[in-house]
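The values are calculated or read from the model by the stated rules, or taken from the named source; none is laboratory data. None of these values were measured; they are calculated from a predicted model. Virtual Cβ from ideal backbone geometry, glycine too; neighbours counted across all protein chains shown.
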Amino acid sequence: MKPPFHPSAGPAPGFSLIELLVVIAIIGSLTALGMSVLGTNAAKSQRTATDQFSAAVEQARTAAITRRKPVILAVAEPQPNATDEEARFGLFEVDTLPDAGALIEARQVERWHIVPNGVVFLAGRVQEFENLFDETEVVLSLKGGQEKVSVHALAFDSRGGLAWPKGSDPVAVKLGNGHYASGKPVTVSGGGHNSLRIGRVVARPWRLD
């Protein structure tokens, strides 16, 4: 008859040093892979948002020419107490060009487009160009005055030129990875950015990076 098993009769169950090292190596590899995937997705969202905004600039200047009226490409960032966390942009026809602090009657041409999650508009000079998001916002009056929204505006005249913000130099727009908190963009460390330059006479968007 075999004697009963006693815990102290043999080596205690557990992992060997080699097994622990293998597990740590696997965890490290999975973590690195996950970070790589997240970084790739963030860069892709940033490029997508830049391409969408660039297309909206082209659409706004074309609409101004065909309608023979000023058209505004408006960017609305989340308000401090709003439930939405993404910026949005849309096209609006107006009868007069914007002025700082003025209330502008506007008619929606193109529905609002939501900026991809994880992408924000950034302020700050871009190379030698002034940034749209350092300029004074304008207020659009929509739906017969039932709705008012403060926006950063690019206004195109009936010849397709950039008439707002005022000035003679091109205007830049910069998008980066991040999120909005209390209505303010918060960037992700090392997230990078994409920038566009919009000219004056021929207001086409050009990539700066």
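Structure above, values below:
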item	result
The one condition in (1) under 22 Å from residue 161 (Cα atoms); (2) in contact with an Asp or Glu (Cβ under 8 Å, 6 or more places away or on another chain) that residue 98 fails to fulfil	(2)
Test: residue 90 is over 12 Å from residue 155 (Cβ atoms) and either among the aliphatic types (A, V, I, L, M) or at pLDDT 90 or above (or both)	yes
Residue among 145, 90, 161 that is within 24 Å of residue 48 (Cα to Cα) and of a type in the set (Gly, Ala, Ser)	90
Condition broken by residue 190, with the remaining ones in (1) buried (at least 16 other Cβ atoms within 10 Å of the Cβ); (2) in a loop (DSSP other than H, G, I, E, B); (3) of a type in the set (Gly, Ala, Ser); (4) under 21 Å from the mean Cα position of the chain (by Cα) satisfied	(1)
Residue check, residue 173 on the phi < 0 side of the Ramachandran plot, β-branched (Val, Ile, Thr), in contact with a strand residue (DSSP E or B) (Cβ under 6 Å, 6 or more places away or on another chain) and surrounded by fewer than 16 Cβ atoms within 10 Å (Cβ to Cβ)	no
Search result, residues across the stretch 46-86 that are surrounded by fewer than 23 Cβ atoms within 10 Å (Cβ to Cβ) and among the small types (Gly, Ala, Ser)	54, 55, 56, 63, 76, 82
Single unsatisfied condition, residue 142 versus (1) touching a residue at least 12 places away in the same chain (Cβ under 8 Å); (2) more than 21 Å from residue 69 (Cα to Cα); (3) among the hydrophobic types (A, V, I, L, M, F, W, C)	(2)
Tally of residues being buried (at least 22 other Cβ atoms within 10 Å of the Cβ) and among the β-branched types (Val, Ile, Thr) across the stretch 140-168	1
Selection from the stretch 193-209 of residues that are farther than 18 Å from residue 119 by Cβ, surrounded by fewer than 20 Cβ atoms within 10 Å (Cβ to Cβ), of a type outside the set (Lys, Arg) and touching a residue at least 12 places away in the same chain (Cβ under 8 Å)	199, 201, 202
Residue check, residue 178 more than 14 Å from residue 54 (Cα to Cα) and assigned to a loop (DSSP other than H, G, I, E, B)	no
Pairs with Cβ under 9 Å, 6+ apart, first in the stretch 52-70 and farther than 22 Å from residue 114 by Cα, second assigned to a helix (DSSP H, G or I) and modelled with pLDDT of 95 or more	69/63; 70/64
